[in-house]
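These notes are about the structure you will find just below.
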Amino acid sequence: TATTEIYTRSIVGSVRCVQETGVHGIDMVRFIKGAWFAVGILLISCSFAMPIKPQKTLVLVDNVAFYETHSLLFEILKSHNHALEFGLYSDKLSINKYGKYLFDNIIFFLPSGSKSSSSTKTPNLSIRSILEFFDSPEKNIMIVADQAVYSFTRKLANEFGIDFDPQGSLLTGSEQIVASDILAESQHILSKTTGVLYNGIGLRLDQSNNKAFSLLKADRNIYSIDENGVIVNEGPNITLVAGFQGLNNNRVTVTGSTMMCSNRQIFKTMKGTSLLTSPNYVFCKEILEWNFGESGICLLYTSPSPRDQRGSRMPSSA
């Protein structure tokens, strides 16, 4: 199969082409000329600030305490024209009515001790229904987990080429886990924010899935240790926040820390009186902007045959 993917970075203006030529013959000269013309259109469409369109975002939590502990995060979304609807996992919620989705985005808060996060029995919150939602046009997902990663959370992340470190793993190496190595490859998504505080579990990526990538990595003195005290990963090899972009430009972010974007961590990292002096606040704000389609990559994908936009699925390490 012949496949061409063109990633246009709307901020830094760089273009990366990945070409895989198979048994199908293609006049690459004409194809590339046409592709570059399309890229020019994409650059025009991405280079200018666009009005933020209203979005309906469902926020699922396992207890109402999140309304207060993460109020600054929710205020960011409201200021970006998100109409928020909060729901508990115990609620009977519907994301689809009469064949149409009621929301543009879903945020899953799946902290330690959440019994509901280990369940896949709720029909409207099954893995299958969530993937069907994501495969629809202009739908995005955020997954916020914690150290105790249940089966539902792990399986959902695996669908996007992302996995968590083994159950019971801990990040250690400093009194306060500092994640300061934001990838240079992610500068079209994030500014050069350093000193982000992170408390949670590490992530790993399926190297065969080129749609998943690291957004934030651990500092050099951080280790991921399993419940037997064995080091399973270390330093910048540990992903803390991962991103995924589907072929239809839908996006997913996954993190193993519910604390990172909490009010407590934001206030703790403030270096002045403004929220913008907090690395955690700036980082979380920019992650939200990318996750929900306000910044980042424009993607042009051409293929002679349909393909699952999520790419290869990752085997669970649980």
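Key figures
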{"quantity": "Difference of contour (0.36 nm per residue) and Cα-Cα distance, ILE231 to LEU131", "calculated": "32.7 nm"}
{"quantity": "Cross-link pairs LYS56/LYS268; LYS53/LYS285; LYS155/LYS211; LYS92/LYS285; LYS217/LYS268; LYS53/LYS155 - those with Cα-Cα distance over 24 Å", "calculated": "LYS56/LYS268; LYS92/LYS285; LYS53/LYS155"}
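None of the figures in this text is laboratory data; all of them are computed from the coordinates on show. This is a predicted model, so every value here is computed, not measured.
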